[in-house]
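Everything below concerns the one structure shown next.
The values are calculated or read from the model by the stated rules, or taken from the named source; none is laboratory data. Every value quoted in this text rests on a predicted model; they were computed, and no experiment measured them. Because the Cβ atoms are built from the backbone with ideal geometry, glycine has one as well, and the counts that use them run over all protein chains shown. Just so you know, the surface numbers come from the protein's heavy atoms only, side chains and all, with ligands and any DNA or RNA stripped out. Shrake-Rupley method; radii C 1.70, N 1.55, O 1.52, S 1.80 Å.
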Amino acid sequence: MKTISFQIESALLYDRANLKHLEEAKKLKIPQIDIVVCNLYPFEKTIADKKVDYKIAIENIDVGGPTMIRSAAKNGLIVVIDPNDYQTVADALQKKDVQPELIRYLQAKAFEHLTFYDSQIAWYLRSQLDESAFPNEITIPGRKLVDLRYGENPHQKGAVYTRPNTPTPFKNLTKLWGRDLSLVNVTDINAGLDSVRLFTEPAAVIIKHNSPCGIALGKDIAQALTQAIEGDPESAFGGIVVLNKPMDLATAKVIGGFKDAKRGNMDIVAVPHITEDALDFLQKVRKSMGIYSFGDIPALADEWNVKSIDGGFVLQTADIDIDESFKQWQVVTEKKPTKQQLEQMQIGWKFITKIKSNTVLIMDKSIPMTRGIGSGQTSRVRSTKIALEQADKYTKDGILVGDSFFPFADSVELAAKHGIAAVVQQGGSINDQKSIDAANKVGIPMVFTGRRAFWH
(Lines give C-alpha, C1' and ligand atoms only; values in the text may rest on other atoms or scores of the structure.)
Protein backbone atom coordinates (compact mmCIF):
# COMPACT_ATOMS: atom_id res chain seq x y z
CA MET A 1 0.00 0.00 0.00
CA LYS A 2 2.35 2.66 -1.24
CA THR A 3 0.22 5.09 -3.17
CA ILE A 4 -2.95 4.62 -1.11
CA SER A 5 -1.57 5.89 2.15
CA PHE A 6 -2.27 8.64 4.62
CA GLN A 7 0.92 10.43 3.67
CA ILE A 8 0.37 10.38 -0.12
CA GLU A 9 -3.35 11.11 -0.15
CA SER A 10 -3.06 13.85 2.43
CA ALA A 11 -0.24 15.43 0.46
CA LEU A 12 -2.52 15.54 -2.57
CA LEU A 13 -5.82 16.50 -0.96
CA TYR A 14 -5.13 19.17 1.66
CA ASP A 15 -6.22 22.66 0.68
CA ARG A 16 -3.23 24.93 0.15
CA ALA A 17 -5.39 28.00 0.71
CA ASN A 18 -6.82 26.76 4.02
CA LEU A 19 -4.74 27.88 7.02
CA LYS A 20 -6.09 25.08 9.20
CA HIS A 21 -5.12 22.49 6.60
CA LEU A 22 -1.63 23.99 6.35
CA GLU A 23 -1.14 23.85 10.12
CA GLU A 24 -2.33 20.24 10.32
CA ALA A 25 -0.09 19.21 7.41
CA LYS A 26 2.92 20.78 9.11
CA LYS A 27 2.06 19.14 12.41
CA LEU A 28 1.67 15.70 10.79
CA LYS A 29 4.71 16.20 8.57
CA ILE A 30 2.65 15.84 5.40
CA PRO A 31 4.65 16.84 2.30
CA GLN A 32 3.19 18.99 -0.43
CA ILE A 33 2.72 17.13 -3.73
CA ASP A 34 1.61 19.47 -6.49
CA ILE A 35 2.12 17.34 -9.59
CA VAL A 36 0.91 13.82 -10.40
CA VAL A 37 2.09 12.09 -13.56
CA CYS A 38 0.57 8.65 -13.76
CA ASN A 39 0.04 5.78 -16.21
CA LEU A 40 -2.40 3.07 -15.16
CA TYR A 41 -2.02 -0.71 -15.22
CA PRO A 42 -2.57 -1.96 -18.79
CA PHE A 43 -6.05 -3.43 -18.24
CA GLU A 44 -7.11 -2.69 -21.83
CA LYS A 45 -4.06 -4.49 -23.24
CA THR A 46 -4.54 -7.40 -20.83
CA ILE A 47 -8.12 -8.17 -21.81
CA ALA A 48 -7.35 -7.77 -25.51
CA ASP A 49 -6.44 -11.44 -25.21
CA LYS A 50 -9.92 -13.00 -25.15
CA LYS A 51 -8.49 -16.09 -23.43
CA VAL A 52 -6.86 -14.18 -20.58
CA ASP A 53 -7.31 -15.80 -17.19
CA TYR A 54 -9.88 -14.02 -15.02
CA LYS A 55 -7.44 -13.69 -12.10
CA ILE A 56 -4.80 -12.09 -14.33
CA ALA A 57 -7.36 -9.65 -15.69
CA ILE A 58 -8.45 -8.66 -12.18
CA GLU A 59 -4.84 -8.27 -11.08
CA ASN A 60 -4.41 -5.67 -13.82
CA ILE A 61 -7.10 -3.40 -12.39
CA ASP A 62 -5.22 -0.37 -11.10
CA VAL A 63 -6.36 0.98 -7.74
CA GLY A 64 -3.60 3.24 -6.45
CA GLY A 65 -3.11 5.10 -9.72
CA PRO A 66 -6.77 6.12 -10.14
CA THR A 67 -6.86 7.14 -6.47
CA MET A 68 -3.94 9.55 -6.93
CA ILE A 69 -5.32 10.88 -10.21
CA ARG A 70 -8.75 11.47 -8.68
CA SER A 71 -7.29 13.19 -5.63
CA ALA A 72 -5.04 15.48 -7.64
CA ALA A 73 -7.76 16.36 -10.12
CA LYS A 74 -10.28 17.08 -7.36
CA ASN A 75 -7.83 19.40 -5.59
CA GLY A 76 -6.91 21.31 -8.75
CA LEU A 77 -3.30 20.13 -8.87
CA ILE A 78 -1.33 19.47 -12.03
CA VAL A 79 -2.33 15.95 -13.09
CA VAL A 80 -0.99 14.44 -16.30
CA ILE A 81 -2.25 11.16 -17.70
CA ASP A 82 -1.36 11.68 -21.38
CA PRO A 83 2.26 11.86 -22.63
CA ASN A 84 1.04 14.25 -25.33
CA ASP A 85 0.58 16.84 -22.56
CA TYR A 86 4.09 16.52 -21.12
CA GLN A 87 5.59 19.31 -23.20
CA THR A 88 2.69 21.70 -22.62
CA VAL A 89 2.93 21.23 -18.86
CA ALA A 90 6.73 21.42 -18.88
CA ASP A 91 6.64 24.71 -20.79
CA ALA A 92 4.11 26.18 -18.36
CA LEU A 93 6.23 25.12 -15.36
CA GLN A 94 9.42 26.54 -16.85
CA LYS A 95 7.67 29.85 -17.45
CA LYS A 96 6.07 29.64 -13.98
CA ASP A 97 2.78 30.38 -15.71
CA VAL A 98 0.31 27.58 -15.03
CA GLN A 99 -3.00 29.13 -16.02
CA PRO A 100 -6.37 28.06 -14.52
CA GLU A 101 -7.47 27.06 -18.02
CA LEU A 102 -4.66 24.48 -18.18
CA ILE A 103 -5.65 23.08 -14.77
CA ARG A 104 -9.30 22.76 -15.89
CA TYR A 105 -8.19 21.04 -19.08
CA LEU A 106 -6.05 18.55 -17.14
CA GLN A 107 -8.83 17.96 -14.61
CA ALA A 108 -11.37 17.15 -17.30
CA LYS A 109 -8.92 14.90 -19.10
CA ALA A 110 -8.09 13.06 -15.87
CA PHE A 111 -11.71 12.23 -15.07
CA GLU A 112 -12.43 11.32 -18.70
CA HIS A 113 -9.51 8.91 -18.55
CA LEU A 114 -10.70 7.36 -15.29
CA THR A 115 -14.20 6.92 -16.65
CA PHE A 116 -12.82 5.34 -19.81
CA TYR A 117 -10.65 2.99 -17.74
CA ASP A 118 -13.35 1.98 -15.26
CA SER A 119 -15.98 1.46 -17.95
CA GLN A 120 -13.75 -1.13 -19.61
CA ILE A 121 -13.52 -2.99 -16.32
CA ALA A 122 -17.30 -2.94 -15.93
CA TRP A 123 -17.83 -4.21 -19.52
CA TYR A 124 -15.31 -6.99 -18.95
CA LEU A 125 -16.90 -8.10 -15.67
CA ARG A 126 -20.36 -7.99 -17.23
CA SER A 127 -19.11 -10.20 -20.05
CA GLN A 128 -18.10 -12.84 -17.50
CA LEU A 129 -21.69 -13.30 -16.35
CA ASP A 130 -24.02 -15.91 -17.78
CA GLU A 131 -26.97 -13.52 -17.75
CA SER A 132 -28.15 -11.33 -20.58
CA ALA A 133 -29.71 -8.62 -18.41
CA PHE A 134 -28.85 -5.03 -19.21
CA PRO A 135 -27.21 -3.17 -16.28
CA ASN A 136 -29.07 -0.33 -14.57
CA GLU A 137 -26.12 2.00 -15.05
CA ILE A 138 -23.70 1.94 -17.94
CA THR A 139 -20.89 3.94 -19.49
CA ILE A 140 -19.67 3.10 -22.96
CA PRO A 141 -15.90 3.66 -23.37
CA GLY A 142 -14.79 5.44 -26.52
CA ARG A 143 -11.45 6.70 -27.82
CA LYS A 144 -11.39 9.46 -30.42
CA LEU A 145 -10.33 8.20 -33.79
CA VAL A 146 -10.54 11.36 -35.87
CA ASP A 147 -12.11 14.82 -36.03
CA LEU A 148 -14.55 15.11 -38.91
CA ARG A 149 -14.68 17.71 -41.65
CA TYR A 150 -18.10 18.53 -40.23
CA GLY A 151 -21.06 16.72 -38.69
CA GLU A 152 -24.34 15.86 -40.36
CA ASN A 153 -24.45 19.36 -41.87
CA PRO A 154 -21.61 21.82 -42.52
CA HIS A 155 -22.60 24.00 -39.55
CA GLN A 156 -22.22 21.06 -37.16
CA LYS A 157 -19.01 19.67 -35.69
CA GLY A 158 -18.25 16.00 -35.22
CA ALA A 159 -15.69 13.36 -34.30
CA VAL A 160 -15.49 9.56 -34.54
CA TYR A 161 -14.95 7.37 -31.47
CA THR A 162 -14.33 3.64 -31.26
CA ARG A 163 -14.59 1.23 -28.37
CA PRO A 164 -11.34 -0.35 -27.17
CA ASN A 165 -10.59 -3.93 -28.19
CA THR A 166 -13.38 -3.93 -30.76
CA PRO A 167 -12.12 -5.32 -34.09
CA THR A 168 -13.73 -2.63 -36.19
CA PRO A 169 -12.30 -1.70 -39.60
CA PHE A 170 -12.66 1.96 -38.60
CA LYS A 171 -9.57 1.63 -36.41
CA ASN A 172 -7.56 1.03 -39.58
CA LEU A 173 -9.38 3.59 -41.72
CA THR A 174 -6.70 5.42 -43.70
CA LYS A 175 -7.14 8.35 -46.04
CA LEU A 176 -5.27 7.72 -49.27
CA TRP A 177 -6.57 10.60 -51.35
CA GLY A 178 -9.13 13.37 -51.60
CA ARG A 179 -11.70 14.77 -49.25
CA ASP A 180 -11.88 14.40 -45.50
CA LEU A 181 -14.89 12.69 -44.00
CA SER A 182 -18.12 14.18 -42.69
CA LEU A 183 -20.52 12.40 -40.35
CA VAL A 184 -22.68 11.34 -43.30
CA ASN A 185 -19.64 9.84 -45.03
CA VAL A 186 -18.76 7.86 -41.89
CA THR A 187 -22.27 6.52 -41.36
CA ASP A 188 -22.49 5.65 -45.05
CA ILE A 189 -19.22 3.72 -44.87
CA ASN A 190 -20.53 1.99 -41.76
CA ALA A 191 -23.75 1.02 -43.54
CA GLY A 192 -21.66 -0.33 -46.39
CA LEU A 193 -19.49 -2.39 -44.07
CA ASP A 194 -22.61 -3.83 -42.44
CA SER A 195 -23.86 -4.91 -45.87
CA VAL A 196 -20.75 -6.47 -47.41
CA ARG A 197 -19.38 -8.17 -44.29
CA LEU A 198 -22.23 -10.67 -44.50
CA PHE A 199 -20.60 -12.34 -47.50
CA THR A 200 -17.42 -14.29 -48.20
CA GLU A 201 -18.11 -13.89 -51.93
CA PRO A 202 -16.99 -10.65 -53.60
CA ALA A 203 -19.63 -8.09 -52.57
CA ALA A 204 -20.13 -4.43 -53.46
CA VAL A 205 -22.62 -1.85 -52.28
CA ILE A 206 -23.40 1.74 -53.23
CA ILE A 207 -24.60 3.71 -50.21
CA LYS A 208 -26.64 6.92 -50.22
CA HIS A 209 -27.94 8.54 -47.05
CA ASN A 210 -27.01 5.60 -44.86
CA SER A 211 -28.88 3.05 -46.97
CA PRO A 212 -27.94 0.89 -49.96
CA CYS A 213 -29.22 1.86 -53.40
CA GLY A 214 -27.59 -1.15 -55.03
CA ILE A 215 -25.98 -4.32 -53.65
CA ALA A 216 -24.51 -7.21 -55.60
CA LEU A 217 -22.26 -10.24 -55.45
CA GLY A 218 -20.00 -11.28 -58.30
CA LYS A 219 -17.48 -13.82 -59.48
CA ASP A 220 -14.92 -11.07 -58.83
CA ILE A 221 -15.11 -7.66 -57.17
CA ALA A 222 -15.22 -5.79 -60.49
CA GLN A 223 -18.33 -7.70 -61.53
CA ALA A 224 -19.91 -7.16 -58.11
CA LEU A 225 -19.36 -3.39 -58.35
CA THR A 226 -20.66 -3.26 -61.93
CA GLN A 227 -23.86 -4.99 -60.86
CA ALA A 228 -24.25 -2.89 -57.71
CA ILE A 229 -24.15 0.27 -59.84
CA GLU A 230 -26.47 -1.26 -62.41
CA GLY A 231 -29.01 -1.91 -59.65
CA ASP A 232 -29.83 1.82 -59.57
CA PRO A 233 -27.39 3.99 -61.55
CA GLU A 234 -29.50 7.11 -61.01
CA SER A 235 -29.26 6.87 -57.23
CA ALA A 236 -25.60 5.85 -57.40
CA PHE A 237 -24.70 9.42 -58.41
CA GLY A 238 -22.55 10.92 -55.65
CA GLY A 239 -22.70 7.68 -53.69
CA ILE A 240 -20.22 5.85 -51.52
CA VAL A 241 -18.64 2.61 -52.72
CA VAL A 242 -17.81 -0.05 -50.14
CA LEU A 243 -16.26 -3.38 -51.10
CA ASN A 244 -15.37 -6.48 -49.11
CA LYS A 245 -12.42 -7.35 -51.37
CA PRO A 246 -9.37 -5.32 -52.45
CA MET A 247 -9.80 -2.92 -55.35
CA ASP A 248 -7.67 -3.58 -58.42
CA LEU A 249 -7.36 -1.59 -61.64
CA ALA A 250 -10.22 -3.45 -63.33
CA THR A 251 -12.54 -2.51 -60.46
CA ALA A 252 -11.35 1.10 -60.46
CA LYS A 253 -12.15 1.29 -64.17
CA VAL A 254 -15.75 0.40 -63.36
CA ILE A 255 -15.97 3.72 -61.52
CA GLY A 256 -14.23 5.42 -64.43
CA GLY A 257 -16.79 3.96 -66.80
CA PHE A 258 -19.59 5.24 -64.60
CA LYS A 259 -18.23 8.77 -65.01
CA ASP A 260 -17.56 8.41 -68.74
CA ALA A 261 -21.18 7.46 -69.28
CA LYS A 262 -21.97 10.91 -67.80
CA ARG A 263 -24.11 9.33 -65.16
CA GLY A 264 -22.10 10.89 -62.36
CA ASN A 265 -19.30 10.36 -59.90
CA MET A 266 -18.73 8.52 -56.66
CA ASP A 267 -17.84 10.74 -53.70
CA ILE A 268 -16.12 8.17 -51.47
CA VAL A 269 -14.47 4.83 -52.14
CA ALA A 270 -13.80 2.67 -49.06
CA VAL A 271 -12.10 -0.68 -49.59
CA PRO A 272 -10.01 -3.21 -47.63
CA HIS A 273 -6.96 -2.49 -49.78
CA ILE A 274 -6.23 -0.87 -53.15
CA THR A 275 -3.46 -1.48 -55.66
CA GLU A 276 -1.17 1.40 -56.63
CA ASP A 277 -2.32 1.45 -60.24
CA ALA A 278 -5.98 1.50 -59.15
CA LEU A 279 -5.29 4.40 -56.76
CA ASP A 280 -3.43 6.30 -59.48
CA PHE A 281 -6.32 5.77 -61.88
CA LEU A 282 -8.98 6.97 -59.41
CA GLN A 283 -6.99 10.08 -58.56
CA LYS A 284 -7.42 11.11 -62.18
CA VAL A 285 -11.11 10.23 -62.34
CA ARG A 286 -12.18 12.80 -59.78
CA LYS A 287 -9.72 14.91 -57.83
CA SER A 288 -12.10 15.53 -54.92
CA MET A 289 -13.05 11.86 -54.48
CA GLY A 290 -12.19 10.51 -51.06
CA ILE A 291 -10.32 7.21 -51.22
CA TYR A 292 -9.96 5.19 -48.02
CA SER A 293 -8.70 1.76 -47.02
CA PHE A 294 -9.69 -0.04 -43.83
CA GLY A 295 -7.98 -3.45 -43.90
CA ASP A 296 -9.70 -6.79 -43.49
CA ILE A 297 -13.32 -6.90 -42.32
CA PRO A 298 -14.10 -9.11 -39.31
CA ALA A 299 -17.33 -11.09 -39.45
CA LEU A 300 -18.82 -8.93 -36.69
CA ALA A 301 -17.13 -6.00 -35.02
CA ASP A 302 -19.39 -5.77 -31.99
CA GLU A 303 -22.16 -7.80 -30.40
CA TRP A 304 -23.82 -4.57 -29.22
CA ASN A 305 -25.63 -1.90 -31.16
CA VAL A 306 -26.13 1.65 -29.86
CA LYS A 307 -28.69 4.12 -31.18
CA SER A 308 -28.90 7.70 -29.99
CA ILE A 309 -32.08 9.20 -28.59
CA ASP A 310 -32.78 12.61 -27.07
CA GLY A 311 -30.68 12.79 -23.92
CA GLY A 312 -29.50 9.21 -24.09
CA PHE A 313 -29.22 6.06 -26.15
CA VAL A 314 -30.76 2.67 -26.73
CA LEU A 315 -28.53 -0.37 -26.34
CA GLN A 316 -29.47 -3.60 -28.07
CA THR A 317 -27.87 -6.86 -29.10
CA ALA A 318 -26.72 -6.99 -32.72
CA ASP A 319 -28.77 -8.67 -35.45
CA ILE A 320 -26.66 -11.78 -35.98
CA ASP A 321 -27.05 -15.48 -36.87
CA ILE A 322 -28.78 -14.65 -40.14
CA ASP A 323 -27.58 -17.83 -41.85
CA GLU A 324 -28.81 -19.87 -38.90
CA SER A 325 -32.26 -18.30 -39.22
CA PHE A 326 -32.73 -19.83 -42.68
CA LYS A 327 -33.53 -23.13 -40.93
CA GLN A 328 -36.74 -21.54 -39.61
CA TRP A 329 -38.07 -20.61 -43.04
CA GLN A 330 -41.38 -22.15 -44.09
CA VAL A 331 -42.91 -22.49 -47.53
CA VAL A 332 -46.56 -21.50 -47.02
CA THR A 333 -47.91 -21.85 -50.57
CA GLU A 334 -48.88 -24.78 -52.72
CA LYS A 335 -46.06 -24.06 -55.14
CA LYS A 336 -42.53 -24.50 -53.82
CA PRO A 337 -39.61 -22.23 -54.78
CA THR A 338 -36.90 -23.63 -56.99
CA LYS A 339 -33.39 -24.09 -55.63
CA GLN A 340 -32.26 -20.97 -57.50
CA GLN A 341 -35.18 -18.94 -56.21
CA LEU A 342 -34.44 -20.04 -52.64
CA GLU A 343 -30.79 -19.02 -53.04
CA GLN A 344 -31.85 -15.61 -54.35
CA MET A 345 -34.28 -15.26 -51.45
CA GLN A 346 -31.51 -15.92 -48.93
CA ILE A 347 -29.13 -13.45 -50.56
CA GLY A 348 -31.92 -10.89 -50.75
CA TRP A 349 -32.77 -11.44 -47.09
CA LYS A 350 -29.17 -10.70 -46.13
CA PHE A 351 -29.29 -7.59 -48.29
CA ILE A 352 -32.51 -6.32 -46.72
CA THR A 353 -31.29 -6.65 -43.13
CA LYS A 354 -29.08 -3.60 -43.79
CA ILE A 355 -31.55 -1.39 -45.65
CA LYS A 356 -33.72 1.21 -43.94
CA SER A 357 -37.16 -0.19 -43.13
CA ASN A 358 -39.95 -0.33 -44.25
CA THR A 359 -38.21 -2.04 -47.18
CA VAL A 360 -39.23 -4.13 -50.12
CA LEU A 361 -36.57 -5.10 -52.63
CA ILE A 362 -36.59 -6.89 -55.94
CA MET A 363 -33.85 -9.42 -56.59
CA ASP A 364 -32.84 -10.35 -60.11
CA LYS A 365 -34.19 -13.75 -61.11
CA SER A 366 -30.71 -15.31 -61.20
CA ILE A 367 -27.96 -12.71 -60.71
CA PRO A 368 -27.15 -12.01 -57.03
CA MET A 369 -28.01 -8.31 -57.25
CA THR A 370 -30.81 -5.90 -56.39
CA ARG A 371 -32.95 -4.54 -59.22
CA GLY A 372 -35.22 -2.32 -57.18
CA ILE A 373 -35.31 -1.04 -53.59
CA GLY A 374 -38.22 0.70 -51.91
CA SER A 375 -37.10 1.78 -48.45
CA GLY A 376 -37.84 4.23 -45.68
CA GLN A 377 -41.56 4.33 -46.44
CA THR A 378 -44.40 4.43 -43.93
CA SER A 379 -46.55 2.22 -46.16
CA ARG A 380 -45.50 -1.29 -47.15
CA VAL A 381 -47.43 -1.24 -50.41
CA ARG A 382 -45.78 2.09 -51.26
CA SER A 383 -42.38 0.47 -50.71
CA THR A 384 -43.53 -2.33 -53.01
CA LYS A 385 -44.57 0.14 -55.71
CA ILE A 386 -41.23 1.97 -55.56
CA ALA A 387 -39.24 -1.26 -55.75
CA LEU A 388 -41.28 -2.56 -58.68
CA GLU A 389 -41.09 0.73 -60.54
CA GLN A 390 -37.33 0.90 -60.11
CA ALA A 391 -36.84 -2.72 -61.18
CA ASP A 392 -38.88 -2.02 -64.34
CA LYS A 393 -38.47 -4.90 -66.84
CA TYR A 394 -36.49 -6.95 -64.34
CA THR A 395 -39.60 -7.61 -62.28
CA LYS A 396 -40.42 -10.48 -64.65
CA ASP A 397 -39.41 -13.68 -62.88
CA GLY A 398 -37.74 -11.60 -60.16
CA ILE A 399 -37.83 -12.28 -56.40
CA LEU A 400 -39.67 -9.92 -54.05
CA VAL A 401 -38.27 -9.63 -50.51
CA GLY A 402 -40.06 -7.83 -47.66
CA ASP A 403 -38.35 -7.03 -44.35
CA SER A 404 -41.56 -7.61 -42.36
CA PHE A 405 -45.02 -9.06 -42.91
CA PHE A 406 -47.53 -7.83 -45.47
CA PRO A 407 -50.57 -6.54 -43.55
CA PHE A 408 -52.76 -6.96 -46.63
CA ALA A 409 -52.72 -8.98 -49.82
CA ASP A 410 -52.19 -5.85 -51.97
CA SER A 411 -48.40 -6.16 -52.19
CA VAL A 412 -48.58 -9.79 -53.31
CA GLU A 413 -51.29 -8.96 -55.87
CA LEU A 414 -49.23 -6.03 -57.18
CA ALA A 415 -46.11 -8.20 -57.40
CA ALA A 416 -48.01 -10.79 -59.45
CA LYS A 417 -49.17 -8.15 -61.93
CA HIS A 418 -45.52 -7.19 -62.53
CA GLY A 419 -44.40 -10.76 -63.17
CA ILE A 420 -42.69 -11.45 -59.85
CA ALA A 421 -41.96 -15.18 -59.61
CA ALA A 422 -41.50 -15.68 -55.85
CA VAL A 423 -41.98 -13.83 -52.55
CA VAL A 424 -40.22 -14.04 -49.19
CA GLN A 425 -41.47 -12.12 -46.16
CA GLN A 426 -41.65 -12.37 -42.39
CA GLY A 427 -45.23 -13.56 -42.01
CA GLY A 428 -47.15 -13.10 -38.79
CA SER A 429 -49.94 -10.78 -39.90
CA ILE A 430 -53.57 -11.53 -39.00
CA ASN A 431 -54.13 -11.32 -42.77
CA ASP A 432 -51.43 -13.87 -43.68
CA GLN A 433 -53.97 -16.21 -45.19
CA LYS A 434 -55.16 -13.53 -47.60
CA SER A 435 -51.59 -13.05 -48.84
CA ILE A 436 -51.16 -16.82 -49.11
CA ASP A 437 -54.41 -17.12 -51.04
CA ALA A 438 -53.33 -14.32 -53.40
CA ALA A 439 -50.03 -16.12 -54.05
CA ASN A 440 -51.74 -19.47 -54.58
CA LYS A 441 -54.21 -17.89 -56.98
CA VAL A 442 -51.43 -16.88 -59.39
CA GLY A 443 -49.09 -19.78 -58.64
CA ILE A 444 -46.34 -17.81 -56.88
CA PRO A 445 -44.31 -19.59 -54.20
CA MET A 446 -44.06 -17.68 -50.93
CA VAL A 447 -41.78 -18.26 -47.96
CA PHE A 448 -42.22 -16.99 -44.39
CA THR A 449 -39.00 -16.27 -42.51
CA GLY A 450 -40.56 -16.05 -39.04
CA ARG A 451 -38.09 -13.27 -38.39
CA ARG A 452 -38.22 -9.53 -39.00
CA ALA A 453 -35.36 -7.58 -40.56
CA PHE A 454 -35.98 -3.99 -39.53
CA TRP A 455 -32.98 -1.64 -39.53
CA HIS A 456 -33.34 1.98 -38.43
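A few points about this structure:
- Leading residue by the ranking (nearest to the chain's Cα centre (by Cα)) among those in the stretch 211-221 that are at pLDDT 95 or above and either closer than 13 Å to Q390 by Cα or open to solvent by 20 Å² or more (accessible area, probe 1.4 Å) (or both): G214
- Residue in the stretch 199-209 that is within 15 Å of the chain's Cα centre (by Cα) and among the polar types (S, T, N, Q) present: no
- Long-range neighbours under 9 Å by Cβ, at least six apart or interchain, first residue aromatic (F, W, Y) within the stretch 50-63, second open to solvent by less than 100 Å² (accessible area, probe 1.4 Å): Y54/Q128
- Some residue of the stretch 236-259 being of a type outside the set (S, T, N, Q), under 15 Å from I367 (Cα atoms) and open to solvent by 10 Å² or more (accessible area, probe 1.4 Å): no
- Test for T187: is it among the hydroxyl-bearing types (S, T, Y) and either more than 30 Å from D147 (Cα to Cα) or in a loop (DSSP other than H, G, I, E, B) (or both): no
- The set of residues in the stretch 315-342 that are among the acidic types (D, E), farther than 16 Å from A439 by Cα and touching a residue at least 24 places away in the same chain (Cβ under 8 Å) contains only D319.
- Any hit, the stretch 366-377, residues being at pLDDT below 95, open to solvent by 10 Å² or more (accessible area, probe 1.4 Å) and over 20 Å from Q227 (Cβ atoms): yes
- Just one residue in the set D91, D97 is in a helix (DSSP H, G or I) and either more than 30 Å from N165 (Cβ to Cβ) or in contact with a Pro (Cβ under 9 Å, 6 or more places away or on another chain) (or both); that residue is D91.
- Inter-residue pairs, beta-carbon under 6 Å, first farther than 14 Å from I320 by Cα and in the stretch 180-200, second open to solvent by 10 Å² or more (accessible area, probe 1.4 Å) and of a type in the set (A, V, I, L, M), 6+ apart: L181/L148; S182/L148; L183/L148; V186/V160
- Residue in the stretch 89-111 that is open to solvent by 80 Å² or more (accessible area, probe 1.4 Å) and at positive phi present: yes
- Unmet criterion (only one of (1) farther than 30 Å from D323 by Cβ; (2) assigned to a loop (DSSP other than H, G, I, E, B); (3) under 14 Å from the mean Cα position of the chain (by Cα)) for Y150: (3)
For (1) at pLDDT below 90; (2) open to solvent by 30 Å² or more (accessible area, probe 1.4 Å), each residue gets a yes or a no:
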| position | (1), (2) |
| --- | --- |
| P272 | no, no |
| K287 | yes, yes |
| S293 | no, no |
| V306 | no, yes |
| L315 | no, yes |
| I322 | no, no |
| S325 | no, no |
| T333 | no, no |
